[in-house]
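Enquirer: Handing you a structure now.
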2 protein chains.
Amino acid sequence: MTRHSGPIGVFDSGVGGLTVLSALQSRFPGENFVYLGDTARLPYGTKSAATVQRYAVNAATHLERHGIKLLVVACNTASSYALDAVAAASPVPVVGVVEPGARAALATGSRRIGVIGTEGTIRSNAYQNTLAHRAPSIEIAAVACPLLVPLAEEGWGDHPVTDQVARHYLASLLGWGVDAIILGCTHYPLLRPSLQRVVGADVRLVDSATSVADTVADDHADLLTSDGPPGSVRLELTDASDRFLRITRAILGRDPEDLEVVDIDQAKT
Amino acid sequence: MTRHSGPIGVFDSGVGGLTVLSALQSRFPGENFVYLGDTARLPYGTKSAATVQRYAVNAATHLERHGIKLLVVACNTASSYALDAVAAASPVPVVGVVEPGARAALATGSRRIGVIGTEGTIRSNAYQNTLAHRAPSIEIAAVACPLLVPLAEEGWGDHPVTDQVARHYLASLLGWGVDAIILGCTHYPLLRPSLQRVVGADVRLVDSATSVADTVADDHADLLTSDGPPGSVRLELTDASDRFLRITRAILGRDPEDLEVVDIDQAKT
């Protein structure tokens, strides 16, 4: 068993991936983490596969400069469109959020699974293909919900407008009799109050955060530090407007301690 | 009088600036245009002044390679945060949308002018300062409306959710007795049906598109071509996802003819 002393890199297009970081920290308190949010170029969810791949590889290359031992792509769109490209360009193991999210949904025992996400995530068919491969007999339906990220960023996670927008997007899934819905975007857990109200108590809302930590524990135990003092977290954003800092505080429940603005545009593979 | 044969460059963070391009084409049919939409890095409206300045100078540098004779910054956030930086870096005259928009609002004779725009545009105080400088006695109030761009991009310009969101954002302006509202974002004209319904028939909604053409005619007549055959339009986007192509078609009312995807990340000043 080899243990490495480098940090675990966590990458997202923005600050939604901090929900994944928090789950990893809770599970692996002795690890050091470096989180990169590409806030200067977000959102990824509306952009093409080619652009998302270029940005994701660029971000991974930047994180490798920190000597990371493992890279978690905590962005659903990047995991959907660019996980292979990032893995091919990366010297360390790479974990995405799609496979863990699909596992978590299947673990609920649902037979009719809905997937919601950005246009890029849904169009990529990454969740649909992963679910169908793992459990050929279940039924799957997917819906892109472009307005949910802006609503989460506006702080309207428990707001009548969000209820109305969610009812619009989720009508077809609810009419079809969905059992569980994968929140295929790291922003969506911020909308749980509205979403749960709209889908009702019988439909499970599944997010990837805890399941990503399970995957890291299962597949990369050799890289993990099991003892020692509490680890550190370094937070890097490519843009630190007041808006992103406000959302960061909302997710963390406190001010970030060690935050730096970085320019990664020029990082080359 | 010198007349140049180069095209007029028009730049926006995305495709909303096509509303400005259309007004320029109608007014100056003999001109050639090259339009750059930085769709790979939009939106600018949520990002910091430093990032917007970097992106806008980068875009201007790219357009100069086409030998443009004049640059129109058709993005309100870039005009608000970065017009001086672009002008300092540019060898050709630069026209923004804020000054023309302010002129158009004052031409209505309004005494109480509201300004709506992105967080960046409103925070910059560009419209507020320009209006106050030109007409010290008028009253001005400004409101950031972050959800309006996503709603316009979703095609919900005439939708009950947009009415509800607009009522939320505009309540303070309406309670204050606003006479005219500057649509301080090139996407907002796409929301006119909902916005006009919410503000009522007595409040004028003013956009910059026509007024930008007036400014070009007034201030840069020496650069314009007054005769000759109809000019051409070249359309460049930094990302061409289906989403952006759909919005482009919605604004132009047709498929774009001459569209190219360009990578401007590496353009240096």
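Enquirer: On the given criteria, is residue A:101 away from chain B (no Cβ under 14 Å), among the small types (Gly, Ala, Ser), in contact (Cβ under 8 Å) with a residue 40 or more places away in the chain and at positive phi?
Expert: Taking the combined requirement at face value, the residue does not satisfy it.
Enquirer: Limited to the stretch A:133-179, what total is found for residues that are within 14 Å of chain B (Cβ to nearest Cβ), open to solvent by 30 Å² or more (accessible area, probe 1.4 Å) and assigned to a helix (DSSP H, G or I)?
Expert: Of the residues in the stretch A:133-179, 5 are within 14 Å of chain B (Cβ to nearest Cβ), open to solvent by 30 Å² or more (accessible area, probe 1.4 Å) and assigned to a helix (DSSP H, G or I).
Enquirer: On the basis of being within 24 Å of residue B:240 (Cβ to Cβ), at pLDDT 95 or above and more than 12 Å from chain A (Cβ to nearest Cβ), does residue B:63 make the cut?
Expert: So residue B:63 fits the description; yes.
Enquirer: Determine whether residue A:248 is more than 14 Å from chain B (Cβ to nearest Cβ) and part of a helix (DSSP H, G or I).
Expert: So residue A:248 does not fit the description; no.
Enquirer: Could you list, in sequence order, all residues of the stretch B:103-121 that are of a type in the set (A, V, I, L, M, F, W, C) and open to solvent by 20 Å² or more (accessible area, probe 1.4 Å)?
Expert: Listed by number, the residues that qualify are B:104, B:106, B:107.
Enquirer: Only one of A:77, A:51, A:19 is at pLDDT below 95, β-branched (Val, Ile, Thr) and outside any loop (DSSP other than H, G, I, E, B). Can you tell me which?
Expert: Criteria check complete, one pass: A:19.
Enquirer: Now for a different question. What are the residues in the stretch A:61-81 that are more than 13 Å from the chain's Cα centre (by Cα) and open to solvent by less than 40 Å² (accessible area, probe 1.4 Å), if any?
Expert: Within the stretch A:61-81, A:61, A:62, A:63, A:68, A:69, A:70 meet the criteria.
Enquirer: Also, quick follow-up: Please tell me if residue B:40 is open to solvent by less than 30 Å² (accessible area, probe 1.4 Å) and not in a loop (DSSP other than H, G, I, E, B).
Expert: no
Enquirer: I've got another one for you. Would you mind telling me which numbered condition in (1) over 14 Å from residue A:41 (Cα atoms); (2) in contact with a strand residue (DSSP E or B) (Cβ under 9 Å, 6 or more places away or on another chain); (3) open to solvent by less than 30 Å² (accessible area, probe 1.4 Å) residue B:57 fails?
Expert: Among (1) over 14 Å from residue A:41 (Cα atoms); (2) in contact with a strand residue (DSSP E or B) (Cβ under 9 Å, 6 or more places away or on another chain); (3) open to solvent by less than 30 Å² (accessible area, probe 1.4 Å), residue B:57 violates only (2).
Enquirer: Name every residue in the stretch A:180-217 that is open to solvent by 60 Å² or more (accessible area, probe 1.4 Å) and part of a loop (DSSP other than H, G, I, E, B), in order of residue number.
Expert: If the condition is that a residue be open to solvent by 60 Å² or more (accessible area, probe 1.4 Å) and part of a loop (DSSP other than H, G, I, E, B), then A:201, A:202 are the ones that fit.
Enquirer: Say we look at the stretch A:218-269 and pick out the residues that are small (Gly, Ala, Ser) and under 24 Å from residue A:55 (Cα atoms); which of these is surrounded by the fewest Cβ atoms within 10 Å (Cβ to Cβ)?
Expert: Among them, the one singled out is A:267.
Enquirer: Could you identify the single residue in A:208, A:226 that is under 26 Å from residue A:56 (Cβ atoms) and among the polar types (S, T, N, Q)?
Expert: A:208
Enquirer: Would you pick out the residues in the stretch B:232-242 that are farther than 16 Å from residue B:9 by Cβ, out of contact with any helix residue (DSSP H, G or I) (no Cβ under 6 Å at 6 or more places or on another chain) and either touching a residue at least 12 places away in the same chain (Cβ under 8 Å) or not acidic (Asp, Glu) (or both)?
Expert: Matches in the stretch B:232-242: B:240, B:241.
Enquirer: Is at least one residue of the stretch B:84-93 closer than 30 Å to residue B:246 by Cα, out of contact with any helix residue (DSSP H, G or I) (no Cβ under 6 Å at 6 or more places or on another chain), buried (at least 17 other Cβ atoms within 10 Å of the Cβ) and touching a residue at least 24 places away in the same chain (Cβ under 8 Å)?
Expert: no
Enquirer: Collect the residues in the stretch B:27-44 that are more than 9 Å from chain A (Cβ to nearest Cβ) and within 16 Å of the chain's Cα centre (by Cα), keeping them in residue-number order.
Expert: B:33, B:34, B:35, B:36, B:37, B:38, B:44
The values are calculated or read from the model by the stated rules, or taken from the named source; none is laboratory data. Not measured: the values here are computed from a predicted model. We place every Cβ from the backbone using ideal geometry, glycine too, and count neighbours over all the protein chains shown. SASA here: full protein model, heavy atoms, side chains in, ligands and nucleic acids out. Shrake-Rupley method; radii C 1.70, N 1.55, O 1.52, S 1.80 Å.
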